[in-house]
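A.B. asks: This is the structure I have questions about; it appears just below.
Quick note: the coordinates plus some simple rules give every number you see, no bench work behind them. What you are looking at is a predicted structure, and each value in this text was computed from that prediction instead of being measured. Heads up, the Cβs are rebuilt from the backbone with ideal geometry, glycines too, and the neighbour counts pull from every protein chain shown.
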Amino acid sequence: MRTGVVLVSGVDPAPMASALVSLQWDLARAVAVRHHIDPDRSVLERVVSDASGVIEHEEMLLEHACVTCALREDIVPTLERLAADGRWDSIIAHLPIGCEAFHVGHVLALDARLSRRLKVTSIVAALDADTLVEDLLGDDLLSERGWHSSEDDRRGVGEVATAQVEYADLVVLAGTPNDSAHALVRTLARPDAEVIVGTEQLTGVMAADHRHSHTRSHAWTSPTRVMDLPAPASDAVWQLELTSHRAFHPDRLLEDLERLGAGRHRSRGCFWLPTRPEVACVWEGSGGQLSIGTGEPWGRRPARTRLVLTGVGTAPAHLTEVFEGLLLQPTELADLPRWTGVYDDGFEPWLGPIRDIA
């Protein structure tokens with residue numbers, strides 16, 4: 001029999017702790033494990049507790065203080081060990097601040113040995129209602145708030161928090177958000193995810209009812225997702241879908257990247273370059289913090305460029321025009337073969353070297 005796992009993520013320790021307490025109080029036969037990374041000491045702290053009190057409190061040195069090392073060296077092995085113990089019906093895993101539950105869910109879903117023993121029942125994203133819009137669309141870095149996981153962690157709070165909301169089954173808000181903040185979360189979250197106002201309203205029944213599906217969550221969060229977008233939750237939120245079968249022009253994209261990626265909005269999706277026609281490039285940003293990378297091969301799917309931008313208030317008027325200007329123009333499409341054999345497009349620092357696909 002598999003042990004259910006509830007994963008709690010967030011970018012602020014207070015809402016995460018409050019969500020953990022609510023779940024642990026309501027799930028009598030559950031064990032809670034809380035992980036915290038101290039980047040200054042390169043230490044991972046683990047606290048395991050159940051209804052009887054604290055069972056374990058350990059600190060361990062990490063070779064490199066980061067979320068990836070913590071997952072590999074202790075978080076996943078601890079979940080497996082607690083499940084094997086047999087004393088508990090479920091595990092509540094309080095992930096390190098800034099850790100995206102996707103990484104744990106991906107491992108537990110695809111590792112055959114682990115999936116025979118563990119089953120993710122729900123992903124919880126716990127956020128502060130009072131700072132919700134700033135946390136999702138602001139330009140703060142995790143390191144500026146003291147919530148980074150390593151010395152070289154330059155991730156933005158918004159980039160991490162929006163990804164956590166988009167992957168979650170349950171988004172729980174500590175406090176009462178204003179209407180626009182609530183609508184923003186409802187628009188970013190998966191359509192069938194539940195948004196809960198007040199951590200005291202989060203119950204064990206909600207978290208343990210096996211509502212998580214890795215396939216469904218991946219379909220919503222995938223950069224190359226093809227599903228239709230529901231309308232924004234209210235007029236307080238704007239959403240713009242920019243799509244084309246054409247590639248971005250590498251030179252113009254390098255020059256004008258910030259005009260599309262900067263600003264108080266969430267932007268995500270995929271694009272392709274004529275220098276790298278075989279692979280989908282990933283676009284992820286929020287609050288002016290933008291990251292691009294190499295995704296999965298297009299395979300038999302036609303290459304496309306599709307970005308979804310979401311914000312509060314009124315959409316900036318220039319975005320559609322900028323997007324169109326970055327694409328290869330009709331006269332340039334006729335000259336696509338000239339990009340074959342180009343080995344330097346300026347994106348090597350982010351996308352790696354160009355491979356010659358013969």
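A.B. asks: Starting from 0.36 nm per residue, how many nanometres of slack lie between Asp130 and Ser244 once their C-alpha separation is accounted for?
C.D. replies: Going from the current span to full extension adds 37.3 nm.
A.B. asks: Sort out for me the Cα centre separation of segment 283-358 from segment 102-179, rounded to whole Å.
C.D. replies: Cα centroid of segment 283-358 versus Cα centroid of segment 102-179: 26 Å apart.
A.B. asks: Right, something else. Count charges around Arg259 for me, please; just the other residues with Cβ under 15 Å from its Cβ, Lys/Arg as +1, Asp/Glu as -1.
C.D. replies: Charge balance near Arg259 sits at -4.
A.B. asks: Using a Gaussian network model of the chain whose springs link C-alpha atoms within less than 10 Å, name the residue from Leu114, Leu202, Leu23 with the highest mean-square fluctuation.
C.D. replies: Between Leu114, Leu202, Leu23, it is Leu114 that shows the largest mean-square fluctuation.
A.B. asks: What order do you get for Trp350, Trp339 when you list them from fewest to most C-beta neighbours inside 10 Å?
C.D. replies: By the 10 Å Cβ count, ascending, the order reads Trp350, Trp339.
A.B. asks: OK, next. Please order Asp192, Asp209, Asp139 by the number of other Cβ within 10 Å, starting at the fewest.
C.D. replies: Listed from fewest to most nearby Cβ atoms, that is Asp192, Asp209, Asp139.
A.B. asks: Okay, next question. Any chance you could run the full-extension gain for Asp111 through Glu58? It's 0.36 nm times the residue separation minus the Cα-Cα distance, nm to one decimal.
C.D. replies: 16.4 nm
A.B. asks: Treating the beta-carbon of each Lys and Arg as +1 and of each Asp and Glu as -1, no other charges, what is the dipole magnitude of the chain about its Cα centre, to the nearest 20 debye?
C.D. replies: 1400
A.B. asks: Also, quick follow-up: Could you work out the local net charge near Thr294, counting Lys and Arg as +1, Asp and Glu as -1, over the other residues with Cβ closer than 15 Å to its Cβ?
C.D. replies: The answer is -3.
A.B. asks: Still on this structure, please answer the following. Name the shape class, rounded, prolate or oblate, that the alpha-carbon gyration tensor gives for segment 237-351, where a ≥ b ≥ c are the square roots of its eigenvalues, rounded holds for a/c under 1.5, and otherwise prolate holds if a/b is larger than b/c and oblate otherwise.
C.D. replies: prolate
A.B. asks: Applying 1/(1 + (r/R0)^6) with R0 = 22 Å to the Cβ-Cβ distance of Ala28 and Ala84, what FRET efficiency is obtained, to the nearest 0.05?
C.D. replies: Taking R0 as 22 Å, the efficiency between Ala28 and Ala84 is 0.60.
A.B. asks: On to the next question. Calculated from the structure, volume of the Cα convex hull per residue in Å³ equals which of (1) 122; (2) 142; (3) 298?
C.D. replies: (2)
A.B. asks: Springs between alpha-carbon pairs under 10 angstrom, Gaussian network model over the chain: which of Gly146, Gly175, Gly138 fluctuates most?
C.D. replies: Looking only at Gly146, Gly175, Gly138, the biggest GNM fluctuation is shown by Gly146.
A.B. asks: Quote to one decimal, in nm, the extra length available between Glu255 and Ala334 on full extension: 0.36 nm per residue of separation minus the C-alpha distance between them.
C.D. replies: Taking 0.36 nm per residue and subtracting the Cα distance, the gain is 26.2 nm.
A.B. asks: Just want to confirm a number: the relative contact order over the chain, from Cα pairs under 8 angstrom separated by 6+ residues, in percent.
C.D. replies: Relative CO of the chain lands at 16 percent.
A.B. asks: In debye to the nearest 20, how big a dipole does segment 237-351 give about its Cα centre with +1 on each Lys and Arg Cβ and -1 on each Asp and Glu Cβ?
C.D. replies: I would put it at about 480 debye.
A.B. asks: Between Glu284, Glu63, Glu159, where does the largest GNM mean-square fluctuation fall for the chain, given springs only between Cα atoms within less than 10 Å?
C.D. replies: Result for the chain, Cα springs under 10 Å: Glu63 fluctuates most.
A.B. asks: Listing Arg154, Arg266 from the residue with the fewest other Cβ atoms within 10 Å to the one with the most, what is the order?
C.D. replies: Arg154, Arg266
A.B. asks: Could I ask something else about it? Would you work out the relative contact order for segment 107-198, in percent, from Cα pairs under 8 angstrom that are 6 or more residues apart?
C.D. replies: Over segment 107-198, the number comes to 30 percent.
A.B. asks: Let me ask you something else. Hey, what did segment 274-358 get for relative contact order, percent, Cα under 8 Å, at least 6 apart?
C.D. replies: Dividing the mean separation by the residue count of segment 274-358 yields 34 percent.
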